[in-house]
Amino acid sequence: MNYTAHFQSCLDDIKKEGRYRVFATLERLAGRFPRAIYHAPDGSKKEVTIWCSNDYLGMGQHPKVLAAAHEALDNSGAGAGGTRNISGTTRYHVELEESLADLHQKESALVFSSGYVANEGALSVLGKLLPNCVILSDSLNHASMIHGIKDSKQEKLIYRHNDVEHLEELLKSIDPKRPRIIAFESVYSMEGDMAPIKEICELAQKYSALTYLDEVHGVGLYGPRGGGVAEERGLLDRVDIIEGTFGKAYGCMGGFITGKSAIVDAVRSFAASFIFTTSLPPSVLAAAKASVEHLKVSDIERQKMRRNVALFKQRLEQADLPYMRGESHIVPLVVGEPNCCREVSDILMRDYDIYVQPINYPTVPKGTERLRMTASAAHSVEDVEHMADVLQNLWETHHQLRAVA
Ligand SMILES: *Cc1c(COP(=O)(O)O)cnc(C)c1O
């Protein structure tokens, strides 16, 4: 077999479908976000404004976060030096986990290499350790949860997105003696909508299910201390396991879970993706802790982001653009066709120095290709006004965009 030709033909297939992924090379400039230098494929460079970053609050360049990272780097060096079990647990890990347990008012917390690894590791272990378990999963759950559930090798039932009636129907259909986990997200990243957390927790109680909530797009952003949407709604104690990331609003990298000590300890003791990998380095952990601690007491960043998001949505509404009207800070604008979606993104970059990555299948279903935009705390009112003007102009001058909408 000609292996090279085979792989090339696989790539040609996705190119034909318009969903071949082209990365934009950026040079983020600490202190200048949402501006960055874009390095084009032809070798040229220019300054652009980022409109699709998950560094929602600009914490990736916050002076306290940078200082903490520098200090830990100088104190402890570059790497952790081992897995958590074999010389790789530093005081930075322990302190961060204490801060996270406090954030969610839980007994315990555990840090992973990323949010993806946290979901994958935790859900696979929880499923595996509960004999004959059923996992109920929202139809729009993130790939990391799907992967973890698959790895648990337990039965999975998918309920329609945010549909509590369907969830109850499925819960009712399960033999009452079987253990069950409901796995869902607080903020759905590609839709921008939120889960009915309270209703889901009530069903969990009624049908004796464990609740597993992905707050990746909630932590740092919602709740008086940045605990997430569950904190904002006064539901922290109703959710059994909360999962989050340092990679989004906290502006760093790494993932975590919080919950009862016995549950967290079980994941610590059985999750392969936690055990068999080098632990995160002190600089990253110190930065993450500084970010978490800062956002427990500072609301300014959240207020600025909320102001920008409200203004942006209001302007899109006035221009009658087809954005998805979720409750969250995420603003997806539906284009509905992959090549057209890429073209709009290319025009924004080429003519307006604005960077928004097109979102295509399999991240979202075919026919719902979109531009997923995030108005961060770091954008100015002028940035938001300008972006809304540009989009309005594009939708008025490109008739095929109107047609799809
Ligand atoms: C980004 C994301 C993750 C993964 O988090 P990382 O820290 O980026 O690995 C998990 N769940 C959801 C819903 C996400 O959007």
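The values are calculated or read from the model by the stated rules, or taken from the named source; none is laboratory data. Bear in mind the structure is a predicted one, so any value in this text is a computation, not a measurement. Cβ atoms come from the backbone with ideal geometry, glycine included; neighbour counts cover every protein chain shown. With ligands, DNA and RNA removed, areas are computed over all heavy atoms of the protein, side chains included. Shrake-Rupley method; radii C 1.70, N 1.55, O 1.52, S 1.80 Å.
From the list 188, 212, the one residue that fits, being within 14 Å of the ligand (Cβ to nearest atom), among the hydroxyl-bearing types (Ser, Thr, Tyr), open to solvent by less than 10 Å² (accessible area, probe 1.4 Å) and in contact with a helix residue (DSSP H, G or I) (Cβ under 8 Å, 6 or more places away or on another chain), is 212.
Quick grid of which residues meet (1) open to solvent by less than 20 Å² (accessible area, probe 1.4 Å); (2) touching a strand residue (DSSP E or B) at 6+ places or on another chain (Cβ under 6 Å):
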site: 65; (1), (2): yes, no
site: 71; (1), (2): no, no
site: 77; (1), (2): no, no
site: 81; (1), (2): no, no
site: 101; (1), (2): yes, yes
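Being open to solvent by 10 Å² or more (accessible area, probe 1.4 Å), closer than 17 Å to residue 127 by Cβ and at pLDDT 95 or above is a property that residue 240 has. In the set 368, 374, only one residue is out of contact with any Leu (no Cβ under 7 Å at 6 or more places or on another chain) and farther than 24 Å from residue 31 by Cα; that residue is 368. If the condition is being open to solvent by less than 20 Å² (accessible area, probe 1.4 Å) and either under 19 Å from the mean Cα position of the chain (by Cα) or of a type in the set (Phe, Trp, Tyr) (or both), then the stretch 281-295 contributes 285, 287, 288, 291, 292, 295. Checked against the criterion of being surrounded by fewer than 24 Cβ atoms within 10 Å (Cβ to Cβ) and over 16 Å from residue 56 (Cβ atoms), the candidates 256, 276 yield just one match: 276. For the stretch 136-146, the candidate set comprises residues that are within 16 Å of the ligand (Cβ to nearest atom) and over 16 Å from the mean Cα position of the chain (by Cα); within that set, the residue that is nearest to residue 201 (Cα to Cα) is 137.
Screening 248, 296 for residues that are within 13 Å of the ligand (Cβ to nearest atom), within 23 Å of residue 214 (Cα to Cα) and basic (Lys, Arg) leaves exactly one candidate, 248.
Counting the residues of the stretch 296-314 that are in a helix (DSSP H, G or I) and open to solvent by less than 50 Å² (accessible area, probe 1.4 Å) gives 9. Quick one: in the stretch 221-237, which of the residues that are open to solvent by less than 30 Å² (accessible area, probe 1.4 Å) and on the phi > 0 side of the Ramachandran plot is nearest to the chain's Cα centre (by Cα)? So the residue we want is 228. Can you say whether residue 203 is closer than 27 Å to residue 179 by Cβ, of a type in the set (A, V, I, L, M, F, W, C) and either more than 16 Å from the ligand (Cβ to nearest atom) or open to solvent by 10 Å² or more (accessible area, probe 1.4 Å) (or both), as far as the supplied structure shows? So residue 203 passes the test.
All conditions in (1) at pLDDT 95 or above; (2) more than 21 Å from residue 299 (Cα to Cα); (3) open to solvent by less than 60 Å² (accessible area, probe 1.4 Å) hold for residue 14, with the sole exception of (1). The condition of being modelled with pLDDT of 95 or more and under 29 Å from residue 135 (Cβ atoms) holds for only one of 280, 295, 311, 285, that being 280. When residues in the stretch 120-153 are screened for being of a type in the set (A, V, I, L, M, F, W, C), open to solvent by 60 Å² or more (accessible area, probe 1.4 Å) and under 16 Å from residue 262 (Cα atoms), 1 of them pass.
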